[in-house]
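Input: a single structure, listed below in structure tokens.
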Amino acid sequence: MNTNLIFFDNDDRDHLLPLTFTRPMAELRVGVLTIREKWERHLGGEGSFITQDYLSQRFPLKISSDNIVINAGVLPNPELVLLISELEVNEALMHQGDLIAARMNEAQFQRLLSDEDIDELAGYELSESSWMQVRRPWELFTMNSAAVEADYHLLTSGRESQPLSQTNRLIGDPGSVFLEDGASVEYATINTTQGPVYIGKGATVMEGSLIRGALALCEGAQLKMGTKVYGPTTIGPWCKVGGEVNNIVMLGYSNKGHDGFLGNAVVGEWCNLGADTNNSNLKNTYEEVRLWSYADQKFSPTGLQFCGLIMGDHSKCGINTMFNTGTVVGVFANVFGSGFPRNFIPSFSWGGASGLSTYRFDKAIVTAPRVMDRRGVEFTDADEEVLRHIFKETAVNRVWEKKDDE
């Protein structure tokens, strides 16, 4: 019987917006796998979620008689996996007052959902945090080198790669390249001296691509001809990428299919970056980058000198779009026009540097099914309700609507 894993969002969820507007924290991808997928492989279980009410239909909760509850931002490592696998019912792992994981029966879990104290739960304090924990959007790319390395070993240990075609030029250890079934790589240059290269099932690397690991090219993803990839980079399932990318994470089903530069960035699902889209990832003054924080409702320091673009699901930009250093684009924005748009673009925005208006919800939900149908994915009633909630919740950031009402 599989272990029942339940991932709970904590207060970091609001700091991870706009990426967590449309998914629980455990569905974020860093490395090859999502956080949920990592834990499922390590613990041999199936996961569900304690998340926002409006997401619960798309991401339901499953409770059993025996449950392991895990902080959704925590990434597994061997020591933590061992400690969690050895937990008995009524035991929990804590770190500086934060719950990391617990094992509890159904009755206890129901009390947890009701915000009742579980007095019999014995908490064990972990003195050191040797694991990685995702708390901010940019950590998906700053932690990606270690995450790709860990996932590479998890996925490939004891397995044999499909052969790498002799048309390719390999620099580094041949054991640091792994091709899943159906992967196609021809006439590419692959350098593994800085990290491994994982090519997922059915993924394609077209001719002339230049790759420096670490790279995770997930299932069905494509590197177009002549693509230049600097790791650590993750290209999520069914994404298409061309031009030049450097230390980015694309969660899945998104396109940057043409020339242009994208660096130190996280792009959600169902996004499309028009031809010759570029983002700046370094300020001319070399100062620390500040990024819009939904939790604080202001621009907050990142501690980073290099930080490019954070883009929520279903957002698009037109050809020749230029994003400034540290730009945050919400969910379902449509950005176009000349000049640099502002470095915070609210969800359901329409326009660019010359001004923004509201992307009407009735128009947006006509576009979404068309986009998803191209990848053979159905746009469901639950998807529509999630987007409807986000449209209403994010109205506070579309300040022009208030002016229009005056």
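What follows draws every value from the coordinates through simple rules; no lab data is involved. Because the structure is predicted, anything quoted here is derived from the model rather than measured. Every residue, glycine as well, gets a Cβ built from its backbone with ideal geometry; the counts of neighbours run over all protein chains shown.
Annotations for the structure displayed:
- Check: the chain dipole with +1 on Lys, Arg Cβ and -1 on Asp, Glu Cβ, in debye: 1900
- Across the chain, C-alpha contacts under 8 Å between residues 6 or more apart give a mean separation that, scaled by the residue count, equals a relative contact order of 10 percent.
- Our summary gives region 258-297 a relative contact order of 40 percent, counting only alpha carbon pairs under 8 angstrom and 6 or more residues apart.
- Local charge for T277 was computed over the other residues whose Cβ lies under 12 Å away, with Lys and Arg +1 and Asp and Glu -1, and equals -1.
- Mean Cβ count within 10 Å, highest first, over the residues of peptides 130-143, 242-255: 242-255, 130-143
- Normalised contact order of region 145-238, rounded percent, pairs of Cα under 8 Å and 6 or more residues apart: 23
- Most fluctuating residue given options I235, I84, I199, as computed from a GNM of the chain linking Cα atoms under 10 Å: I84
- 13 Å beta-carbon shell around T327, net charge (K/R +1, D/E -1): +3
- Neighbour counts of C-beta atoms inside 10 Å place W270, W400 in the sequence W400, W270, starting with the fewest.
- For the options G45, G257, G97, a Gaussian network treatment of the chain with springs between C-alpha atoms closer than 10 Å singles out G97 as fluctuating the most.
- Region 256-359 - charge dipole about Cα centre, Lys and Arg +1 at Cβ, Asp and Glu -1, debye rounded to 20: 160
- In the chain, the DSSP beta bridges split such that about 25 percent are antiparallel, to the nearest 5.
- Taking F340, F332, F7 and counting other C-beta atoms within 10 Å, the order from fewest to most: F340, F7, F332
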